Number of protein chains: 2
Amino acid sequence: MPRIFNKIKLGLLLTGTEVMTGDILDSNSSFIAKEFLGVGLRIQVKVAVPDEKGQISQEIINLTQSLDLLIVNGGLGATLDDVTAAAAADACGVELAAHPIAVAHIEQRTGIKKEVAQSLQFKQALMPVGAEPIDNPVGTALGFYLLLHGCHCYFTPGVPLEMKAMVTGPIMRQVMEDFALKKPVEILRFFVLGLGESRIQQIIQGQVPAETLERIFLGFRVEAPMVEAKLTCFEQEDLSLLHETAAVVQSLLSDYIVSKADPLPARVNQLLRAQGQSLALAESCTGGLIGSYITSVAGASDVLEAGFVTYSYQSKTKLLGVPADLLADSGAVCKEVVLAMAQGALTQSSAHWALAVSGIAGPGGGTPEKPIGTVFIAWGNKEKIITRKLWIRRERTQFQHYTAMAALDLLRRQLQGLPTDKPYYFDSLTNHLLSMG
Amino acid sequence: MPRIFNKIKLGLLLTGTEVMTGDILDSNSSFIAKEFLGVGLRIQVKVAVPDEKGQISQEIINLTQSLDLLIVNGGLGATLDDVTAAAAADACGVELAAHPIAVAHIEQRTGIKKEVAQSLQFKQALMPVGAEPIDNPVGTALGFYLLLHGCHCYFTPGVPLEMKAMVTGPIMRQVMEDFALKKPVEILRFFVLGLGESRIQQIIQGQVPAETLERIFLGFRVEAPMVEAKLTCFEQEDLSLLHETAAVVQSLLSDYIVSKADPLPARVNQLLRAQGQSLALAESCTGGLIGSYITSVAGASDVLEAGFVTYSYQSKTKLLGVPADLLADSGAVCKEVVLAMAQGALTQSSAHWALAVSGIAGPGGGTPEKPIGTVFIAWGNKEKIITRKLWIRRERTQFQHYTAMAALDLLRRQLQGLPTDKPYYFDSLTNHLLSMG
């Protein structure tokens, strides 16, 4: 763990019944954790409680006794079940009062004067006496700051957009100042496909000295199967070490690195655009998912010529010219069919490149020779089409996602002139080898 | 809140550095919360701490002093940073020892005998002395149970698949027995599109007496824009009240109810299958996403005839016969183009129904007349094609998701003979009206 960490004890208190019922995934705390990690602060404890005043108040008292910095998220809304401000007042042993800055903020945003407002509209102006308002550029609920038991406490609204604006703006500025924090001097990123987080960590820790990783922080962000590995440098004097380390990481991860700035779909778009070339898709088991990934990136119309979703035998023949007797004899999941699909996509469009997939998503349709998870991928141009077989042992929708990502990655490797026969290690916690061409 | 709740104090302790760094969304706790909510137990406090033995041990001591039931998740793996078992032993003031049942389980799953194993392989057999193993049908790490300060503690592995098997199986059985819990007698579900959670709650609470909602529990599960509203009955004597309430809810939510059992894509598949009809897609701004949703459901080959991803002008003309001069004059986002796309999809396939979308996903491409988020949807058969314009103010990928769902819902309404011009209220926390045809 780099020396920057653990000097400051940071905690997170989440309020809200919906967080407790599991009705929403708690993405706010993930966002807050990442933001503070970016300035070298790791969350040491995270507590979630329902919207109950007594319980929130007690947790504020407990947590402030052991922490230096506490972010409270949720319960600042205008409805009756939003009780965080009242709980904070109780924890501090003070009254709630309408703060003039908050009143002015609400009047300005709603166009309603407090004198004529209905009872609940100005509830959001109530803060513990002595608290300092935190600006909310995108909503009516201001946050507030207070110091309790020597712990700096920031209260933020649960609405993600408002919380994010507050945390990334005024709160981060004040925290950096209060604790004299350093911003990262530089962050270098590697988007990796085909090696899991723990495998990457092993590879890097096996070659990069532990003392280096005390100064250059190695972090991960995983959206399986993509892994974003980040090297962060907090000191000007470590900059050359950062770049040396990055060079080592680059040579270690080699062609598994998709890019240094973009997730896979954006990288494929970029490679096609740079070469002035276009793509046609022929999707069976993924049902259009590859197309949706490519078009999730703005500007996809420059590179995606067309997509054929040919889920049925009939459409494979009609739209792509896959011979009906081939389908009847061999089924849709074989090398010959996926090759014919790619050829058909080239013929039926004016695209330079074609990418085709056909596989068994399950839960039905597996055989001993072709178990569920078997997928054939073909890619190429008018000169040459290459195929590869993978075995992706994931449940149906994950299979579709991994297949789409593997197909895009094979095209990425082709466009970069890299080997397309390297194994993909799709990480699980046990680091199984999930597919091999 | 129904009377069943809050008799038993349930808490959750999550361990693991990755939970703290925000690298993963904490979906385990959402799963655990939902499972226990299903038997009437609401989580009262949720704490997350890093893999640090002292901190975990202290939290176990703190939480068991106030709770009746504690689920601990994470840190039971075979690597050195998994320290939960040791922390539990410290909390109880006992030693760690290899449990013979756990040793046998690991030997059986790995085929390696303990005598010849490497040092870490049998680390997972170590449990606090006196703890009872909990079976893990899908992995090597057994869980364990112990009683501390009168609190029933269940320790589970962080791997989601293993945790889920353990929680839904042996743990739930033992908890139901320990606390003499009642299972829900019956749960009735409504999958709703076009009304947000808070709007649905308002509508229902406006018509169903509060006393009824003390006995029939109204719960929600949101995967925006879909909302699953659940009515749960815990007492045999309340069964007729459940069905009366469900009838009221059904009439209140009316045609916004997609189904009582299935999310939207499965419902559309089912309606098409029941009518023996097939579908062709013509997707522009969604890039294949509608197809991927339809094929996320097993058996989609019976209903999805073909999909055309026509992102470029050229492909709209070449694949679907959209007149090039229409595109040149009016652009791709207009009623006439989406109509021609649907017609082309019918002509170019043998499907009974076509569904077509064309819109402006952003971030570029908006105009004052057609702002970002504008989308035209067309659906119909050879007899009649209908179009509708929506304005879906969401960032690019959310726009694509909402558009795909709205398109599927309009087809669902058509197939059910329901009105296709009702407003969609896509809920945000402030319940804005996001789109109107």
inquiry  = Just to check your reading of the model, which residue among A:Ala97, A:Ala78 is over 29 Å from B:Phe36 (Cβ atoms), assigned to a strand (DSSP E or B) and of a type outside the set (Asp, Glu)?
reply    = A:Ala97
note = Residues of the range B:79-100 being crowded, with 16+ Cβ neighbours inside 10 Å and aliphatic (A, V, I, L, M), in sequence order, are B:Val83, B:Ala85, B:Ala86, B:Ala87, B:Ala88, B:Ala89, B:Ala91, B:Leu96
key: Filtered residues of the range B:1-36 (kept if modelled with pLDDT of 85 or more and part of a loop (DSSP other than H, G, I, E, B))   = B:Ile8, B:Lys9
inquiry  = Looking only at the range A:140-151, filter to residues that are outside any strand (DSSP E or B) and either touching a His at 6+ places or on another chain (Cβ under 9 Å) or surrounded by 22 or more Cβ atoms within 10 Å (Cβ to Cβ) (or both); which one of those is modelled with the lowest pLDDT?
reply    = A:Thr140
inquiry  = Testing A:Lys318 on (1) under 29 Å from the mean Cα position of the chain (by Cα); (2) within 13 Å of chain B (Cβ to nearest Cβ), one condition comes back false. Which one is that?
reply    = (1)
Conditions (1) farther than 26 Å from B:Thr17 by Cα; (2) away from every other protein chain (no Cβ under 14 Å): number failed by A:Ile203 = (1)
task = Scan the range A:152-194 for residues that are surrounded by 17 or more Cβ atoms within 10 Å (Cβ to Cβ), in a strand (DSSP E or B) and among the charged types (D, E, K, R) and jot them down.
result = A:Arg189
request  = Please work out if B:Ala210 is more than 25 Å from the chain's Cα centre (by Cα), closer than 22 Å to B:Ala33 by Cα and without any contact (Cβ under 8 Å) to a residue 40 or more places away in the chain.
outcome  = no
query = List pairs: first in the range A:189-202 and closer than 12 Å to A:Ile257 by Cα, second among the aromatic types (Phe, Trp, Tyr) and assigned to a helix (DSSP H, G or I), Cβ under 9 Å, 6+ apart or cross-chain?
reply = A:Phe190/A:Tyr256; A:Val192/A:Tyr256; A:Leu193/A:Tyr256; A:Gly194/A:Tyr256; A:Leu195/A:Tyr256; A:Ile200/A:Tyr256
inquiry  = Need pairs with beta-carbon distance below 7 Å; first residue within 28 Å of A:Met405 (Cα to Cα) and at pLDDT 90 or above and within the range A:215-238, second crowded, with 21+ Cβ neighbours inside 10 Å and of a type in the set (S, T, N, Q); sequence gap 6+ or separate chains.
reply    = A:Leu231/A:Thr245
Residues of the range B:39-57 satisfying the condition of being more than 10 Å from every other protein chain (Cβ to nearest Cβ) and surrounded by fewer than 22 Cβ atoms within 10 Å (Cβ to Cβ) = B:Val39, B:Gly40, B:Lys53, B:Gly54, B:Ser57
Residue satisfying all of: in the range A:329-347; of a type in the set (Gly, Ala, Ser) and in contact with a Phe, Trp or Tyr (Cβ under 8 Å, 6 or more places away or on another chain); farthest from the other protein chains (Cβ to nearest Cβ) among these = A:Ala342
ask   = Only one of these conditions is not met by A:Phe399: (1) among the hydrophobic types (A, V, I, L, M, F, W, C); (2) surrounded by fewer than 18 Cβ atoms within 10 Å (Cβ to Cβ); (3) within 26 Å of B:Gly288 (Cα to Cα); (4) modelled with pLDDT under 95. Which number is it?
value = (2)
ask   = Any chance the range B:216-229 includes a residue that's touching a helix residue (DSSP H, G or I) at 6+ places or on another chain (Cβ under 9 Å), charged (D, E, K, R) and in a helix (DSSP H, G or I)?
value = no
ask   = Filtering the range B:301-315 down to residues that are surrounded by 24 or more Cβ atoms within 10 Å (Cβ to Cβ) and over 16 Å from A:Gly291 (Cβ atoms), which residue is farthest from the other protein chains (Cβ to nearest Cβ)?
value = B:Val303
key: Any chance B:Pro137 is assigned by TED's automatic domain parsing to the domain that holds B:Ile60, over 18 Å from the mean Cα position of the chain (by Cα) and more than 30 Å from B:Gln65 (Cα to Cα)   = yes
query = Scanning for something out of contact with any Cys (no Cβ under 7 Å at 6 or more places or on another chain), part of a helix (DSSP H, G or I) and touching a residue at least 40 places away in the same chain (Cβ under 8 Å), does the range A:37-46 turn up at least one residue?
reply = yes
task = Residue by residue through the range B:286-300, note down the ones that are under 13 Å from B:Met405 (Cα atoms) and of a type in the set (A, V, I, L, M, F, W, C).
result = B:Leu289, B:Ile290, B:Ile294
query = For A:Met405, which of the numbered conditions (1) crowded, with 22+ Cβ neighbours inside 10 Å; (2) modelled with pLDDT of 95 or more; (3) more than 14 Å from chain B (Cβ to nearest Cβ) fails to hold?
reply = (3)
query = Looking at this structure, is B:Ile377 crowded, with 17+ Cβ neighbours inside 10 Å, farther than 22 Å from B:Val222 by Cβ and out of contact with any strand residue (DSSP E or B) (no Cβ under 8 Å at 6 or more places or on another chain)?
reply = no
request  = Scan the range A:255-298 for residues that are without any contact (Cβ under 8 Å) to a residue 40 or more places away in the chain, surrounded by fewer than 24 Cβ atoms within 10 Å (Cβ to Cβ) and more than 21 Å from the chain's Cα centre (by Cα) and report the count.
outcome  = 3
task = List the number of the failed condition for B:Ser198; all other conditions in (1) part of a helix (DSSP H, G or I); (2) touching a helix residue (DSSP H, G or I) at 6+ places or on another chain (Cβ under 7 Å); (3) hydroxyl-bearing (Ser, Thr, Tyr) hold.
result = (2)
query = Taking B:Gln277 and the conditions (1) assigned to a loop (DSSP other than H, G, I, E, B); (2) closer than 22 Å to A:Ala280 by Cβ; (3) modelled with pLDDT of 95 or more, which numbered condition does it fall short on, given that it satisfies the others?
reply = (2)
remark   = Residue hits (the range B:108-138; surrounded by 12 or more Cβ atoms within 10 Å (Cβ to Cβ) and at pLDDT below 80) are B:Arg109, B:Thr110, B:Ile112, B:Lys114, B:Ala117, B:Leu120, B:Gln121
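The values are calculated or read from the model by the stated rules, or taken from the named source; none is laboratory data. Bear in mind the structure is a predicted one, so any value in this text is a computation, not a measurement. Because the Cβ atoms are built from the backbone with ideal geometry, glycine has one as well, and the counts that use them run over all protein chains shown.
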